[in-house]
Structure formats: C-alpha cells, structure tokens
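Asks: Would you mind keeping the following structure in view while I ask a few things?
Only the coordinates and a few stated rules stand behind these numbers; no lab work does. From a predicted model like this one, the values you see are computed outputs, not experimental measurements. Methodologically, a virtual Cβ is constructed for each residue, glycine included, from the backbone with ideal geometry; neighbour enumeration extends over all protein chains shown.
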Amino acid sequence: NPTSQALERLGPGTFRPEWCQYSCMKTGLLFLAAFTMCFVALVMAYCYFSGRLRFLIVNRNASIELNGTPVRGEILTGRTNALVTIREPGKGHSYQLFFEGDTDFTGDMGSVADCGPWVAPHFPVIPETQNYPPCKNVTDAKSQAKRWPLMDEGKAMRFLMPDSSTVTIKRNLQ
C-alpha cells in the first residue's frame, strides 16, 4: 500500500502523508503573511485616525520660484502644513510651512521652519508624525522674533529667507 509506505518513511508518530508536508507549510506561510499584513494595516489605520500619523502628498499643480526664477523642486501638502523642497544642484533644501488657518490684514498666513541639513525624499507621499519631518516650528515667545512669516499673495505664497532670498510657491489652479 503506497500510503502506508509513505507513513513508514516519515517515521513513527507522523500521521501526515508525504504530499501534505509542503502543502501545509505553504498554507501556513501564506496565513502568516496575510495575518502580518492585516495587523500592519490595522496599526496604521489606528495611527491615522487617532491623528498620530498623517500623510503629505505631492501637489503637482504648484511651482516654486527662487528670487523670481523657476527652480526644480516639489511641494507636499497636508491638512495644516506643507513641505517645500528645492532640488537645485548644490542647493537641495527643505522648508516646512505651517498654516495658521487665516490670513491677517498684512497677508501673514503662517510660518516657515527650516529643515536644516535634512532634505525631503523624492517620493509622492511621505508620512508625517510627531517627529517626522524633522523640521522645528518656532512656538515659544523668545523665538517669535526669529519667526519666518508665510505671506499670502492670492494665487501664490511667499517667504523671505535669512539671506534675503525670496521663495514663491505658485498655486497653478486648473
């Protein structure tokens, strides 16, 4: 009998036929992979809906100008902030824009934070958490004097850098 011969080859105490070893192993690995993916999806959904995780998404309808000259780069927008990255050769730099939700009579609509040596990755979507992107917003009263205002100009936003360069983000609405 072929079945009894297969059981004898597997050794005493083994009740599975030979064909089941590989099939059961594949099924187990598939189940483990599916469980892991569902678990990761649930954790990410919890973080997203609790506000601990948000996403910045590239805005293809915006262009960046440095001192009136168009430059390579992108703007990633979120609900209350944005990330502007200038990708000129030798001048790769990122700035985080914080929107205050209103525009005062001078046109001030928010503030700008320098991301220092960190440059945003070139992805269409990046996560935003409490510590990422690593750009610091100026919130204390002592540092308010160093605040970089973000000015509203209708279909554009503008901010002045410490070296007196002007960065303009044009919103090309279609």
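Asks: Compute the distance in nm between two label points, each set 7 Å from the Cα along the Cα-to-Cβ direction, one at residue 79 and one at residue 125.
Replies: 1.6
Asks: For segment 66-116, take the convex hull of the Cα atoms, compute a quarter of its surface area, and give me that in nm², please.
Replies: Numbers: hull surface 17.0 nm².
Average of the hull's projected areas for segment 66-116 equals 4.3 nm².
Asks: Still on this structure, please answer the following. Taking segment 29-174 on its own, what percent of its Cα-Cα pair distances exceed 23 Å?
Replies: Looking at segment 29-174, the distances longer than 23 Å represent 41 percent of pairs.
Asks: OK, next. Can you compute the modelled spin-label distance between residue 105 and residue 29, with each label point 7 Å from Cα toward Cβ, in nm?
Replies: 7.1
Asks: So if I place +1 on the C-beta of Lys and Arg and -1 on the C-beta of Asp and Glu, and nothing else carries charge, what would the dipole magnitude of segment 69-169 be about its Cα centre? I want it in debye, nearest 20.
Replies: Using only the charged Cβ atoms, the result is roughly 280 debye.
Asks: How large is ³J(HN,Hα) for each residue in segment 111-121, as worked out from phi by the Karplus curve 6.51 cos²θ - 1.76 cosθ + 1.60 (θ = phi - 60°), to whole Hz, x for Gly and Pro?
Replies: Result, ordered by residue: 9, 10, 10, 7, 8, x, x, 6, 10, 4, x Hz.
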